[in-house]
1. Please determine, in degrees from 0 to 90 and to the nearest 10, the orientation of helix 98-108 with respect to the longest principal axis defined by the Cα atoms of the chain, where the helix direction is its Cα long axis.
2. For segment 85-177, treating each Cα as an identical point scatterer without solvent, what Debye log10 I(q)/I(0) comes out at q = 0.11 1/Å?
3. Which option, [x] 65, 45, 38; [y] 53, 50, 46; [z] 50, 40, 40, is the value of Cα extents along the principal axes in Å that was calculated from these coordinates?
4. What does the convex hull of the alpha-carbon atoms of segment 1-74 project to on average, in nm²?
5. If you put +1 on each Lys and Arg Cβ and -1 on each Asp and Glu Cβ, how big is the dipole of the chain around its Cα centre, in Debye rounded to 20?
6. If you find the alpha carbon centre of segment 103-148 and of segment 207-276, how far apart are they in angstrom?
7. For a 25 Å ceiling on Cα separation, which of these pairs sit above it: Lys175/Lys268; Lys145/Lys268; Lys147/Lys268; Lys46/Lys175; Lys135/Lys175?
8. What is the spin-label model distance, in nm, from Arg278 to Ser69 if the labels are put 7 Å beyond Cα along the C-beta direction?
Amino acid sequence: MPEPLVDIRGLSHIYQDRTEVRVEGLPFVVMPGQKVALVGATGTGKTTLLQHIMGLLRPTRGQVRVCGSDPARSFAQIRWQIGAVMQNPDEQIIGPTVFDDIAFSLRARSLPAAEVNARVQAVAADLGIADLLNKVPHHLSGGQKQKVVLAGAVVGRPRLLVLDEPFSGLDTRSKQEMIRLICRLNGELDLAVILSTHDLELVPDIADWVYVLQQGQLVLAGPPATVLTQTTELRAAGLEPPALVQLGQELVRLGIIPEVPLNLSMGKRLLAAAETAR
C-alpha cells in the first residue's frame, strides 16, 4: 500500500481571538490520486482543515502530515507538491497578465525561461485559456479567473490539489466545466484532489471518497454511494441530501428501481431498465 499523501488526526486550532476550531473524530486520510470531497455546513471547520494541509496554520493539538512532513514546520519541503484554488480567485491573482500569473510559481523556482514558457503555454492550451495569456486577469469573468488560478495551481505539477469552495459564484455551466477539468487533470497527472463544499449535488461527479464534518467532528467517511444515501445523518450535519438521491430512495421504496442513482445518467439507465423489464 502506498503511503497517504495526507494524514490528519485529532486536529484542534485556537485562533488569536481564542476561537477554537476542531476537526476530530475519524482520521482524515487522502491517498495518492484520490479525489476527496470534504462536506459540511458553513462554519464547521472545512477551511481551517485545508489551511493546515497547506501549512498556513499550525495545530494547537493533533497530527498533520502532508507528503510525509509536518507542513507548518517543513513548508519548504512540500510547497511545490501542493497546488491550491481558494474561494475568491481575485485573492490569488497577482500577475499583471494571465501569463505572468500562471508563471509565478515556476519563476519563483528559478526555472529557465524557455521551460517556463513551454509549461505555461501547455497548461493554458490544456485548460482552454491560451487566448487569454496576454489579458489582464482582473478584467476576466469569474469562470475565466477560476481557470487562470487552476492553471497556476497545476503548472508546477504538484501531487496534491486543494480546492476550497471552488464553485462559489459560478453558474451551472461553469461549475460543470470546472468539474470536468479537475477530473481530467486528476486522471492525466495522477493528481490527488481535496475539495471542500457544502453543495452535495456536485459531489458524485467529482469525488470518489467523501468526509462529512459536523460541529468539529468527522462523522462519516466513504464512497459517495454510501455517504450520500445516509440522509438522516446528512441532515443532522446541516446538509441537504442531493435531490436525485431523495427521489431515488422513494423510487426504490416503491420498487420501481433497484438502487439509488447518484447522477442523472445513472437514473436514466435504471428507469430505462425498469421500463424494459415491465
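Readers should treat all values here as calculations from the given coordinates under stated rules, not as data from a laboratory. Model, not experiment: these values are computed from the prediction. Cβ sites come from the backbone with ideal geometry, for glycine too, and all protein chains shown count toward neighbours.
1. Once rounded, the angle reads 70 degrees.
2. One equal scatterer on each Cα of segment 85-177 leads to -0.28.
3. [x]
4. 5.2 nm²
5. Dipole of the chain, to the nearest 20 debye: 380 debye.
6. The distance from the Cα centre of segment 103-148 to that of segment 207-276 comes to 38 Å.
7. Long pairs (Cα-Cα over 25 Å): Lys145/Lys268; Lys147/Lys268.
8. 6.1 nm
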